[in-house]
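**Student:** Right, I'll just put the structure down here and ask away after.
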Amino acid sequence: MPEKLQQLTSFFGQWKQQKAFALFRLPGSKEIHLWSGPTLDRDCESEAFFEWVPFHDDTPSFRIDAELQDYWGVEEFRQLCEPITQGFTLHIEEKVEEEGKEEYLKGLQRCLHELNTGVLEKVVFSRRVSLKAKAHPLELFMKALSKYETAFCYWFHHPKAGCWLGASPEILVKSKGEALETFSLAGTQKANGGEAPVWTAKEKREQGLVTQYIQQLLQGKVDDLKLEGPFDARAGQLWHLKTVVRAKTRLKAVDIARSLHPSPAVCGLPKDKAKAFLKEVEGYDRAYYTGYLGPVKTVSADLFVNLRCLEWKPDEVRIYVGGGITSESMPEKEWEETCHKMNTMLELFRD
Ligand SMILES: C=C(O[C@H]1C=CC=C(C(=O)O)[C@@H]1O)C(=O)O
């Protein structure tokens, strides 16, 4: 057996016994990276580490020291992986369309009450669906690579955080030297062939609130703050509204990410009230959905919001989806939006 294949087979053949690891591909890149190593103490840094942060503060964060770093070209990796995933069945119970609808709509009414009485200005209400499924995570990761070329695709495993996979369209903080970039991403429409989306006032406002939040938070802390957009951004079968925010700074990417998180693209406004309200109204634990993750080096960082993701279990997957709610929201439309977002992960189980 060629050495590279042997190494990969032994790593992914017993991945559950491995130390924590992250397998990832940056948006648009043709390289797949594997970082693995011991967990660092909170706030302890190394030359290269993988950051893994939850949504709620009472869930633990993990920072993996990238002691082991390897990378492959996508095609080489695909060929190496074929023998590893061969013989695994890919199966999912597909009847999920109406599951949890009643509960979701009840929660949404409570969101609308908070919004209509002025307690909240925006809230990102979410849900989780558990499905019986069988798949090798590596196979799902490979599918994500080919279906979502412009997303940050990852497979993350930590003995204490579990096994997660995703294809995130949203940069939280990207930095290289002093150059900093972040996204304001919100507003969703299902793609309809090649047609450009027409955005409603509600969608423009929900995205505008995210841009404003980022701008206010960064102003005075960074130099040369510039905004580009909003423009249409495609993510799989969905469209979003996106504004790219650029700046110059000497602050550390991990510190900026910590102060931006959770933005109104995943939480709400006012931030603390929305967070507390979500904990109560959602009735389930978001865990690492809408947290953030990514590789960090001494001179660069690529941190993404953990969206369009699933939690993998041996016979089950849990898919997490949400959407921005404002006083103009129409319940049926918001429900449908979560169904469209769920399709991003369900697609991994289809040919
Ligand atoms: C919270 C999610 O998406 C966010 C990112 C883009 C568009 C969003 C929206 O239109 O509501 C959300 O803010 C999700 O995918 O679960």
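**Student:** Kindly provide the set of residues from region 8-32 that are part of a helix (DSSP H, G or I) and without any contact (Cβ under 8 Å) to a residue 12 or more places away in the chain, ordered by number. Give the derivation first.
**Tutor:** Let us first name the residues in region 8-32 that are part of a helix (DSSP H, G or I), namely 8-13, 15-17.
Across region 8-32, the qualifying residues are S10, Q17.
**Student:** Moving to a separate point now. Considering only region 149-174, how many residues are in a loop (DSSP other than H, G, I, E, B) and open to solvent by 20 Å² or more (accessible area, probe 1.4 Å)?
**Tutor:** 5
**Student:** Return the residue satisfying two criteria in turn: it lies in region 327-344 and is open to solvent by 50 Å² or more (accessible area, probe 1.4 Å) and more than 10 Å from the ligand (Cβ to nearest atom), and of such residues it is nearest to L145 (Cα to Cα).
**Tutor:** Applying the filter and picking the extreme gives N343.
**Student:** Scan P230, P197 and give me the residue that is of a type outside the set (A, V, I, L, M), within 14 Å of the ligand (Cβ to nearest atom), more than 20 Å from T338 (Cα to Cα) and at pLDDT 95 or above. Write out each step before concluding.
**Tutor:** Working: P197 fails: more than 20 Å from T338 (Cα to Cα).
Unique residue meeting the criteria: P230.
**Student:** Search region 293-310 for residues being away from the ligand (no atom under 12 Å from the Cβ) and open to solvent by 20 Å² or more (accessible area, probe 1.4 Å), and hand back the single one that is nearest to V119 (Cα to Cα).
**Tutor:** D302
**Student:** Turning to a different aspect of this structure: Sort out for me the strands (runs of 3 or more DSSP E) sitting completely within region 40-124 that have 1 or more residues that are within 30 Å of E149 (Cα to Cα) and among the hydroxyl-bearing types (S, T, Y).
**Tutor:** 68-73
**Student:** Another question about this same structure. When you check G324 against the structure, is it touching a helix residue (DSSP H, G or I) at 6+ places or on another chain (Cβ under 8 Å), under 27 Å from K174 (Cα atoms) and either open to solvent by less than 20 Å² (accessible area, probe 1.4 Å) or away from the ligand (no atom under 15 Å from the Cβ) (or both), yes or no? I'd like the intermediate steps shown before the answer.
**Tutor:** Details: touching a helix residue (DSSP H, G or I) at 6+ places or on another chain (Cβ under 8 Å): yes; under 27 Å from K174 (Cα atoms): yes; either open to solvent by less than 20 Å² (accessible area, probe 1.4 Å) or away from the ligand (no atom under 15 Å from the Cβ) (or both): yes.
It is true that G324 is touching a helix residue (DSSP H, G or I) at 6+ places or on another chain (Cβ under 8 Å), under 27 Å from K174 (Cα atoms) and either open to solvent by less than 20 Å² (accessible area, probe 1.4 Å) or away from the ligand (no atom under 15 Å from the Cβ) (or both).
**Student:** Where the second residue is among the acidic types (D, E) and within 16 Å of the ligand (Cβ to nearest atom) and the first is open to solvent by less than 20 Å² (accessible area, probe 1.4 Å) and lies in region 205-227, which pairs have Cβ atoms under 7 Å and are six or more apart or on separate chains?
**Tutor:** What qualifies is L209/E121.
The values are calculated or read from the model by the stated rules, or taken from the named source; none is laboratory data. Quick caveat, the model's predicted, so the values are computed rather than measured. Neighbour counts are summed over all protein chains in view; Cβ atoms, including those assigned to glycine, are modelled from backbone coordinates with ideal geometry. For accessibility, only protein heavy atoms count, side chains too; no ligands or nucleic acids. Shrake-Rupley method; radii C 1.70, N 1.55, O 1.52, S 1.80 Å.
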